[in-house]
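*Asks:* One structure, as structure tokens, below. Some questions next.
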Amino acid sequence: MSIITELESLRDSALERISQAADLAALDAVRVDVLGKKGSLTGVLRGLGALSAEERPAVGKVSNQVRAALERALEARKALLAEAALSARVAADAVDVTLPGRKRLPGRAHLINQITAEVVDIFTGLGYAIAEGPEAELDYYNFTALNHPPTHPARSATDTFYVRDLSEGGASGPITDVLLRTHTSPVQVRVLEQQKPPVYVLAPGRVYRRDIADPSHLPQFHQIEGLVVDEGITFGDLKGTLDYVCKELFGKDRKTRFRPHFFPFTEPSAEVDVSCGICAGSGCRFCKYTGWQEILGCGMVDPNVFGYVDIDPEVYTGFAFGMGVERIAALRYDIPDLRMLVEGDMRFLRQF
Amino acid sequence: MHVSMKWLKELVDVDLTVEELVDRLDMTGTAVESVRAVGEGLDGVVVGSVLTKEPHPDADKLSYCSVDVGGDEPLRIVCGATNFEAGDCVPVACVGATLPGDFTIKKTKLRGLVSEGMMCSSPELGLGGDASGLLVLPPDAPVGMAFAEYLGQADTVVELEVTPNRPDCLSMVGVAREVAAITGKHATAPVSVPEESGVPVHDAVSVEIADPDLCSRYTARLIRGVSIGPSPEWLAERVTAAGARPVNNIVDITNLVMFELGQPLHAFDAATLALRDGKAAVTVRRAGAGERLTTLDGQERVLDPNMLVIADDSGAIALAGVMGGENTEVSDTTVDILLESACFEPTSTSLTSRSLGLISEASTRFERGVDAEGCVRAADRAAALMAEVAGGTIAPGVVDVYPVPAIPGVLEMRIDRMNAVLGTGIPAGEAAGILTALGLGVEPVGEGLLRVSVPTFRPDLEREIDLIEEVVRVWGMERVPVTLPGGRGRVGRLTSRQRWMRRIDGAMRAAGLNETMTYSFVDPGDHERIRMPLGEGETLVELVNPMSEEQAVMRISLLPGLLRSVSYNQRRGVPDVHLYEIGSVFSTSEGRKLPREHTAVGGVMAGMWSRPGWTGDDHPLDFFDGKGVIEALVDELSPRHFQVRPADLPWLQPGRSAEVLLEGKVAGWLGEVHPSVADAFEAEAPIVAFELDAGVLIATARPVRTYTEVPRYPAVTLDVALLVDEKVSAERVEHAMRKAGGPLLDSVRLFDVYRGKGVAEGRKSLAWALSYRAPDRTLSDDEVRPVHEKLLRKVCGAVGAELRS
């Protein structure tokens, strides 16, 4: 048998073994057997030295071809086996994708503060600064400087929480100089004492009234106060501002209406209704068949209030408004009982 | 204010439907609280005539009657009332009628006798009035007629919410005037000219006002020879519609005139007044300290000098503007009436009525302001009605003491100013028309200026702005064009503090806590229950008038409220609780007026992050979950230095209790709530809690962080386990490492704490991964090894550690 035939037969049997190799280890064994230092092809080539000079080039060429063919076959088979091995591993790694994920859910903001933040963002967009004031407040800021006469019913000990006054000579009776603010309006006075017009501020905060907690009342709740004082501010500006805000809060299709009302610290004063979100104004149980839901009180700053803070009402005019956050929450989410807002029930808090 | 539509229509020619009128009132500043149809629910009630009345054989107090109701057969009715006889006409509720209060009439047996209906009293028909007996109708009442039809009272009563600035609308005449103005109609007011005869009132009555600051006018009329009795039906009906209970003809007339004209009146039995020089001498004066008066409701009141009384020489006979006295009350035997029509000062009336807890129709009107100019007119009207209804004769003249006359105000309104405030272009003529319709005197003076005289019944109109409001509310707020304020150079932005608060808030939620809100006021015992001491010299902020003892003081900490929320959840089968609250806490001290208020950031955690799932990576929450929340917050705020230091805090479990320090300042505390404290709030331990002062958080937060280079070369990380005494804290070991590590020590990470087999009692093994890194080259092991060994030697020496092999 010529050496060439031997080479070809060696090639054929090696290719056969390569194609049969079941895994990467078996394939490597084939490589070592044929191409290794002691491999069969290596052995054949070692015998080349015995050949004549005429035979050598032809045999050398064939042997190189055989080596190249075997190396190609090994590579190809190796790639094939590697891919198969990967596929098998991947297949074994399959999971039930419907199993729940690993998570630590972030917490939720309280509904009242979500709404407050939303209103704050609307007004910062309109160019308002955010002001704050104390919850325990002086009578002066809560009532007197807001033009409440001494006998105003809101000042009675049945309506307002009074705080023990520990200052020297502080009143000891049922009505002291210190109280839990009954509205966020005292912030108006505090701001106007600190800042000259133009003033554009929003003051959200907690307020207190002596109401027994029931589904529609809490002795503590939250208000958002707005105050604008500038040259040329009109009642139309007040309407435009609140109309815009109500549409932002409740939806573009909602209407607002202004009903004249009375507040000691604004004049003219109005209550603002938005069209009922349930019946779209046609009247339903939810809006007591009026088609409207009351959401805030407002008005032009009374000149007497300007008097307390030394602002000339002939030069400046202004408007103020106050809205109840719990009221907005109840309207938007149809919450059946306001007490849920202070119970801390995880099942309630996680909903919003 | 209850407004009978029937009555209103006599005073103003309003032609709107009730619905239209209600809408118009709503949109012009007089809110309508309710609309109620009178006579509703009287189906099945008819006029009946009692044919026979016999005693019930088996019941002393019942009678057995046959009653003709216009049907084929008379009804047989058992009745308990006694104020009627055979032949009387009464309202009869037949079987099937449903009376107010959802009371359905059925055929029943009473003590053995069948009863086929019920004869009714006035209150049983929802009409108010006398409940002691049947409503006996005039003998000519048409038997069988539907009772509602008989009453002719298809009336509607509209209840108005009158704002405190509109005392004039607490009268039918005032409401009629308002309705006329807002509907473009005309109102008329009833006028009565009394026919006088006999001895003039000045010869029989004298009046003296001792305190004119509290009583600007007092008038008295004398009506002699009245006969007291029930009011005629029209009078009773009217008084009932206005919301009062018919009493007798004289009292009902005073009430009628009060509702009609807004002037409270009081009728004294003239014979009960002490005489001085032959005259009933009335004095209006402050009460003496401790002076006593038994008021009409039978209660003896102890008075003080802040209260105004009407007195004769024997003492107080009425509480001015609030309630009359029992001794001078009109009774069945009263013959002569001394009629008071006066004007008392609002503040004093209000304080008196509130301090005695006596709110009456009269006091409500006086405290808002009664028109002194209307006193005589009201007295004339009432006197004339008394003559007409009760057969009295009116003594000539009125005793009228009027020390402080009401003066009509004169105001000016600039049309330009009005339109500038409103943002409108309302013409002068239109504005003038509106003010005129409201009963004001309007005179144009010069270009764009109105001079307006304000009648005394509108005390609320004192300034130009008050007139502007009147114009816009009638002209129509809905017509004011919508604009947005122009305003130059304003910037809407949160303050730095507010932005930090938002980040704190966000960090709490990102760490997995849910925001809640609890009451700012707590039980004074709560602070004892949490055993949290106040600062030096500080005391609790006490409410003078809390809703209840459980809400009597302001909280010094968010913890009590949060523990209650934990308990609330646990008791409802919700074991996993992760809550935070940001809110004010309060304290005060002797000498302070306003309390101190701080914003606190508090949290509570109980149970697990979530119930164990298939991945098995959940654990009961403990101290380190709480610390993790705070570390996440610290990462957000980036203070220069943060430390958690063991501290004995009575409300926390010893050994799991720490203070949180930021830049060396105590910012708050962290720990597991002491089991006995949890117990006191009916909450189940373990509960992790913390509270931080927002002020310190913000003061130490760094608005701008500094850049440090991101490493470009790899680190060499070596692990080591150190055996140390239990007493040695991880923090101390870490400090020693950082101190000894030199510039190449990049980071230190504790990855295991081990006690038990192989570690001596009282010792623990802390396993650390130490990373070494150079900023400018890749470190070789040979370079790191001596640094590491030197570090270990130093650390072992510093904290008494040995290497664990």
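*Asks:* Among A:224, A:295, which comes first, then next, by fewest other beta-carbon atoms within 10 Å?
*Replies:* By the 10 Å Cβ count, ascending: A:295, A:224.
*Asks:* Taking +1 at the Cβ of each Lys and Arg and -1 at the Cβ of each Asp and Glu, which of A:18, B:45, A:140 sits farthest along the dipole of the protein assembly as shown towards its positive end, judged by Cα position relative to the Cα centre?
*Replies:* A:18
*Asks:* Assigning unit charges at the beta carbon (Lys, Arg +1; Asp, Glu -1) and nothing else, what dipole magnitude in debye, to the nearest 20, does region B:660-776 show about its Cα centre?
*Replies:* Using Cβ point charges on Lys, Arg, Asp and Glu, region B:660-776 gives about 660 debye.
*Asks:* For every helix of n ≥ 4 consecutive DSSP H residues, a contribution of -39,500 (n - 2.57) applies; sum these over chain B, divide by its total residues, and give [θ] at 222 nm rounded to the nearest 500 deg cm²/dmol.
*Replies:* Mean residue ellipticity at 222 nm (helix-derived): -8000 deg cm²/dmol.
*Asks:* Let's test the formula: R0 of 30 Å, r as the Cβ-Cβ distance of residue A:121 and residue A:347. What FRET efficiency results, to the nearest 0.05?
*Replies:* E(calc), rounded to 0.05, equals 0.60.
*Asks:* Sketch the reach of a paramagnetic label on residue A:231 as a point 7 Å from Cα along Cα-to-Cβ, and name the residues of region A:300-317 whose backbone nitrogen lies under 17 Å away.
*Replies:* Within reach of a label on residue A:231: A:311-317.
*Asks:* Suppose we look only past 55 Å in the calculated P(r) of chain B. What percent of the Cα-Cα pairs does that tail hold?
*Replies:* Result: 44 percent of Cα pairs exceed 55 Å.
*Asks:* Apply 1/(1 + (r/R0)^6) to the Cβ-Cβ distance of residue B:299 and residue A:151, taking R0 = 22 Å, and write down the FRET efficiency to the nearest 0.05.
*Replies:* So, using R0 = 22 Å, E works out to roughly 0.45.
*Asks:* Further question on the same structure: Taking only C-alpha pairs under 8 Å that are 6+ residues apart, what is the relative contact order of chain B in percent?
*Replies:* 8 percent
*Asks:* What's the ranking of B:731-738, B:368-375 by average number of surrounding C-beta atoms within 10 Å, highest first?
*Replies:* Ranked from most to least packed, the peptides come out as B:368-375, B:731-738.
*Asks:* In 10 Å bins starting at 0, how do the alpha-carbon pair distances of region B:496-700 split up by percent?
*Replies:* 9, 35, 37, 16, 2, 0, 0
*Asks:* Among DSSP beta bridges whose residues both lie in the protein assembly as shown, state the antiparallel percentage, nearest 5.
*Replies:* That works out to approximately 95 percent antiparallel.
*Asks:* Still on this structure, please answer the following. Add -39500 (n - 2.57) for each DSSP H run of 4 or more in chain A, then divide by its residues: what number comes out at 222 nm, to the nearest 500 deg cm²/dmol?
*Replies:* Estimated from H runs of four or more residues: -12500 deg cm²/dmol.
*Asks:* Right, here's the next one. Anyone know which of A:257, A:11, A:155 comes out most mobile in the 10 Å Cα GNM of chain A?
*Replies:* Largest GNM mean-square fluctuation: A:11.
*Asks:* What are the extents of the Cα atoms of region A:109-189 along their three principal axes, listed from largest to smallest and rounded to whole Å?
*Replies:* 45, 27, 25
*Asks:* Given A:103/A:255; A:37/A:78; B:9/B:107; A:288/B:9; A:103/B:794, which pairs have Cα atoms separated by over 31 Å?
*Replies:* Beyond 31 Å: A:103/A:255; B:9/B:107; A:103/B:794.
*Asks:* Can you tell me the orientation of helix A:3-20 relative to chain A, as the angle in degrees between its alpha-carbon axis and the longest Cα principal axis, to the nearest 10?
*Replies:* That helix lies at roughly 30 degrees to the long axis.
*Asks:* A follow-up question, please. Place a +1 charge on the Cβ of each Lys and Arg in the protein assembly as shown and a -1 charge on the Cβ of each Asp and Glu, then give the dipole magnitude about the Cα centre in debye, rounded to the nearest 20.
*Replies:* So the dipole magnitude of the protein assembly as shown works out to roughly 6960 debye.
*Asks:* When the Cα atoms of the protein assembly as shown are enclosed in a convex hull and the volume is divided per residue, what value in Å³ results?
*Replies:* 326 Å³
*Asks:* Treating the beta-carbon of each Lys and Arg as +1 and of each Asp and Glu as -1, no other charges, what is the dipole magnitude of chain A about its Cα centre, to the nearest 20 debye?
*Replies:* 1960 debye
*Asks:* Translational diffusion coefficient of chain A at 37 °C, 0.692 mPa s, Stokes-Einstein with Kirkwood Rh over Cα pairs, in µm²/s as a whole number.
*Replies:* Estimated via Stokes-Einstein, D reaches 120 µm²/s.
*Asks:* Here is a follow-up. For region B:210-256, just the Cα set please: Rg and Dmax, both in angstrom.
*Replies:* Rg, Dmax (Cα atoms, Å): 14.4, 41.
*Asks:* Here is a follow-up. Run down the lysines and flag those whose C-alpha is under 19 Å from the C-alpha of residue B:109, throwing out any fewer than 8 positions away in its chain.
*Replies:* By straight Cα distance, residue B:109 reaches B:53, B:61.
*Asks:* Once the Cβ-Cβ distance between residue B:149 and residue B:453 is put in as r, and R0 is 45 Å, what FRET efficiency do you end up with, to the nearest 0.05?
*Replies:* Efficiency computed from Cβ-Cβ geometry: 0.40.
*Asks:* Which order, highest average first, do A:55-64, A:125-134 follow once you tally other Cβ atoms within 10 Å for each residue and take the mean per peptide?
*Replies:* In decreasing order of mean packing, A:55-64, A:125-134 become A:125-134, A:55-64.
*Asks:* Let me ask something else. Select from chain B the helices, each a whole stretch of DSSP H, whose alpha-carbon atoms run 20 Å or more along the helix axis and whose Kyte-Doolittle mean is at least -0.5; answer none if there are none.
*Replies:* Both cut-offs are met by B:375-390, B:623-637, B:781-799.
*Asks:* Calculate the translational D of region B:424-532 in whole µm² s⁻¹ from Stokes-Einstein, where the hydrodynamic radius comes from the Kirkwood formula applied to all Cα pairs, the temperature is 4 °C and the viscosity 1.567 mPa s.
*Replies:* Translational D for this selection: 64 µm²/s.
*Asks:* Ranked highest first by average number of other Cβ atoms within 10 Å, how do A:279-287, B:549-557 line up?
*Replies:* The densest-packed peptide leads the list: B:549-557, A:279-287.
*Asks:* Next question. Given region B:1-44, report the % of alpha carbon pairs whose separation exceeds 14 Å.
*Replies:* 57 percent
*Asks:* Largest first, please: the extent of the C-alpha atoms of region B:232-333 along each principal axis, to the nearest Å.
*Replies:* 42, 31, 24
*Asks:* If you don't mind, there's one more thing I want to ask. Tell me the relative contact order for region B:716-803 as a rounded percent, counting alpha carbon contacts under 8 Å between residues six or more apart.
*Replies:* That works out to 45 percent.
*Asks:* Could you check how many percent of all C-alpha pairs in region B:45-151 are farther apart than 24 Å?
*Replies:* 14 percent
*Asks:* Something else about it: What does a probe at residue B:782 reach in region B:706-743, counting residues whose amide N is under 18 Å from the point 7 Å along Cα→Cβ?
*Replies:* B:716
*Asks:* A further question follows. Which residue, chosen from A:227, A:258, A:245, occupies the Cα position most advanced towards the positive end of the dipole of region A:213-262, where the dipole is computed from +1 (Lys, Arg) and -1 (Asp, Glu) charges on Cβ about the Cα centre?
*Replies:* A:258
*Asks:* Here's a follow-up. Please report the Cα spread of region B:201-401 along all three principal axes, rounded to whole Å, starting with the longest.
*Replies:* Principal extents (Cα only, largest first): 43, 40, 32 Å.
*Asks:* A further question follows. For region B:409-476, with equal point scatterers placed on the C-alpha atoms only and solvent neglected, what are the log10 I(q)/I(0) values from the Debye formula at q = 0.15, 0.24, 0.26, 0.29 1/Å, to two decimals?
*Replies:* These q points yield log10 I(q)/I(0) values of -0.38, -1.03, -1.24, -1.56.
*Asks:* Moving on to the next point. Per q in 0.12, 0.19, 0.22 Å⁻¹, report the Debye log10 I(q)/I(0) for region B:223-291, using one uniform scatterer on each alpha carbon and no solvent.
*Replies:* Values returned for q = 0.12, 0.19, 0.22 Å⁻¹ are -0.46, -0.86, -0.96.
*Asks:* Quick check: residue separation of residue B:549 and residue B:104 times 0.36 nm, minus the Cα distance between them. What number comes out in nm?
*Replies:* Difference between extended and current length: 155.7 nm.
*Asks:* Quick one: compute the contact order of region A:3-92, relative version, from alpha carbon pairs under 8 angstrom and 6+ residues apart, as a percent.
*Replies:* Worked out over region A:3-92, it gives 38 percent.
*Asks:* Further, regarding this structure: In nm, to one decimal, how far is the modelled label at residue B:60 from the one at residue A:339, with both set 7 Å along Cα→Cβ?
*Replies:* Between residue B:60 and residue A:339, the simple spin-label model gives 4.9 nm.
*Asks:* Report the label-to-label distance for residue B:790 and residue A:99 in nanometres (one decimal), using points 7 Å from each Cα along the Cα→Cβ vector.
*Replies:* Those two pseudo-labels are separated by 5.0 nm.
*Asks:* What does the average come to when, for each residue of peptide A:268-278, you count the partner chain Cβ atoms lying within 10 Å of its Cβ?
*Replies:* Mean shielding by partner chains, rounded to a whole number: 3.
Computed from the coordinates by the stated procedures, all read-outs in this text should not be read as laboratory data. Because the structure is a prediction, the values reported are computed rather than measured. Glycine also receives a Cβ, built like all others from the backbone with ideal geometry; neighbour counts cover every protein chain displayed.
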